[in-house]
1. Once you've got the Cα coordinates, tell me which of Lys57/Lys92; Lys113/Lys147; Lys92/Lys119 are over 19 Å apart.
2. Over all Cα pairs of the stretch 2-159, how is the pair count split among 5 Å bins, expressed in % and running from 0 up to the last occupied bin?
3. What whole-number distance in Å separates the alpha-carbon centres of the stretch 138-156 and the stretch 46-100?
4. For the stretch 2-159, what is the charge dipole size about the Cα centre, in debye to the nearest 20, if Lys and Arg each add +1 at the Cβ and Asp and Glu each add -1 at the Cβ?
5. Tell me what the chain gives for mean residue ellipticity at 222 nm when only DSSP H runs of n ≥ 4 count, each as -39,500 (n - 2.57), the sum divided by the residue total, rounded to 500 deg cm²/dmol.
6. So how do 26-32, 118-124 stack up, highest first, on mean other-Cβ count within 10 Å?
7. Can you tell me which of 83-89, 72-78, 142-148 comes out highest on packing, and rank the rest after it, using the mean Cβ neighbours within 10 Å?
8. Give me, ordered by chain and number, the residues 5 or more places off Glu85 or on other chains with an amide H under 5 Å from its own placed amide H.
Amino acid sequence: MLVVEPTKSCGVDDIELSELLTRVYVAGGFTEPDEAVSFFEPSAVRKRGMLISTREKQHLVLVGIVIIVPPDSPARRLVQDNEAEIHLLGVKPEYRRHGLGRILVESAIGMAKHSGYSKIILWTLISMKSAQKLYEATGFIHIENIKSNGRDIKVYEMALCA
């Protein structure tokens, strides 16, 4: 049984957070190990914004996360006032294909609406085809392609109704 829980940083410990991000992004071939040290440093990840997590209920194992990044966060990159970003959607490989990514994205959308944001922006590597399908299926619209740190990125947005 899986449960989704909106949580502040106290709900996820540093070791499990680092392990999840490393498994998803480094082992998945999307981030180099040397980059991961700074990108996924737990206190820096927590400072980005509101962490939403998914746990396997029986053993309370962390299986997925997403972060809602507010416009006043130093981690924001593309948003303007009254807009939010989604960062670091990740689900452990053995828990994929059960709708957890969708649950996390929909939870992030709901929390962003509840917070009064007018829009959500996110980006993903062009190679992350499954993530792109998920974002499009949940209503995000591809608005542009950009290059960042030598990587090809797809940018998506969703207008939120008040």
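Readers should treat all values here as calculations from the given coordinates under stated rules, not as data from a laboratory. Since the structure is predicted, the reported quantities are computational estimates derived from the model, not experimental observations. Cβ: placed from backbone, ideal geometry, glycine included. Neighbour counts: every protein chain shown.
1. Details: Lys57/Lys92 15 Å; Lys113/Lys147 29 Å; Lys92/Lys119 27 Å.
Too far apart for the 19 Å limit: Lys113/Lys147; Lys92/Lys119.
2. 2, 9, 19, 23, 24, 16, 6, 1, 0
3. 18 Å
4. On the way: 20 positive and 20 negative charges, 79 e Å.
My answer is approximately 380 debye.
5. -8000 deg cm²/dmol
6. Numbers: 26-32: 14.0, 118-124: 20.1.
Averaged packing, sorted descending, gives the order 118-124, 26-32.
7. Numbers: 83-89: 23.6, 72-78: 13.6, 142-148: 11.3.
Top of the packing list down: 83-89, 72-78, 142-148.
8. Placed amide hydrogens put Val69, Ile121 under 5 Å from Glu85.
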